[in-house]
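Q: Quick one: the structure is below, questions incoming.
Here, each number is a calculation from the coordinates, and none is a lab measurement. For clarity, every value in this text was computed on a predicted model and none was experimentally measured. Here the Cβ positions follow ideal geometry from the backbone for every residue, glycine too, while neighbour counts run over all protein chains shown.
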Amino acid sequence: MSKILPPFKYLITFDAAARLGSFSKASEELSLTQSAISQQLLKLEELLGQSLFFRNGKGVTLTAAGELLYETVRDTLSRLSTGIGRIEPYKSNDSVLIACPPDFAQGWLMPRLGKLKLIYPAIEVWIMTEKDVREIDRIDVDLVISRRPIHTEDVECAALLEDHLIAICGVQTAQRIRHFPYPKLLEKAPVLLLESEPAWRGRLSGNELKDLQLVRGATIDDSRLLLEAVIHELGIGFVSNALASQAVKEGKVKVLTQVPAKSLPRLWMMRSRLTPRTQVANEVFNWMLDKAKTI
């Protein structure tokens, strides 16, 4: 197999020329002469035994074979770039990789990172919010915060936070509707909905909402954006306390205490029982548990 794989530099050159549609632009991007670009691509075509480009005075376009190769090269380079990015934290013995839900990251973790830095000035925190971690292998992640606990022999799982959904609105909206009882007050301002839960019936009982004339203010696919919409007085939102707590503390939003809260699955924190990748991971684990007790 190694005998038929082209040199990596040919593939880099091919990617640039295919992406830019021009040998001259590829030469500028790669800091090579246009002659060097042409020679490398000719050698690549010779190695593969087929043409990859249609050459014309205005630039180049891909042949059918070129299109197929470009798709493969683009995917390979993207995966390689991702892989190189994944090893970046390993440069530092003071790095810790944390996977957690977006609402927890924004509402609970981010406001406390400054205090963590005061205790561990050299710490480098990597926060990943889009990854649904089902296991810990100490390669991709050090700590996991999730509403789905991992119960395996090699994972330590600790209860972190109780969480619940709360109804919130902007300060001006709260001033205007504060005297209305529940559930009637839900008619007094637009409601903001998550795209994943297009009706509040998953959050409040159907009987409470059955006869109400609710006005939809917006449907949003990210709870963090929904919080921003509430802050900007666009309506009433129903979000996790973990997300809203800092905005409430800062006076950016008000909790509508008339609306009953709804329990959410507990937030758990997990780490491997094996020797940690860095010692600071264990220190952050204990620090977060301690901070959670003060809420």
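Q: Counting other beta carbons within 10 Å of each residue's own, what order do 234, 274, 289, 192 fall into, fewest first?
A: 274, 289, 234, 192
Q: What residues qualify as long-range amide H neighbours of residue 63, i.e. H under 5 Å apart, gap of 5 or more or another chain, H built at 1.01 Å from N?
A: Under 5 Å from the amide H of residue 63 lie the amide H atoms of 53, 54, each far enough along the sequence or on another chain.
Q: Which whole-number percentage describes the relative contact order of the chain, with Cα contacts under 8 Å and a sequence gap of 6 or more? Intermediate results must be reported in sequence, preceding the final value.
A: Working: 433 pairs, mean separation 64.2, N = 295.
In percent, rounded to a whole number, it is 22.
Q: Can you grab the distance from the C-alpha centre of the stretch 236-295 to the C-alpha centre of the stretch 151-167, Å, no decimals?
A: 10 Å
Q: Right, something else. Between (i) 26.8, 80; (ii) 18.2, 53; (iii) 29.0, 110, which matches Rg and Dmax of the Cα atoms in Å calculated for the structure shown?
A: Correct label is (i).
Q: Give 184/254; 210/252; 117/249; 117/254; 115/262; 184/293 a once-over and call out the pairs whose C-alpha atoms are over 24 Å from each other.
A: Correct reply: 210/252; 117/254; 115/262; 184/293.
Q: Right, here's the next one. Among 113-121, 63-71, how do they line up from the highest to the lowest mean number of other beta-carbon atoms within 10 Å?
A: Ranking, from highest mean packing down: 63-71, 113-121.
Q: For the stretch 154-170, just list the computed ³J(HN,Hα) in residue order, Karplus coefficients 6.51, -1.76 and 1.60, θ = phi - 60°, integers in Hz, with x standing in for Gly and Pro.
A: Result, rounded to whole Hz: 9, 10, 8, 10, 10, 5, 9, 9, 7, 9, 7, 7, 10, 8, 9, 8, x.
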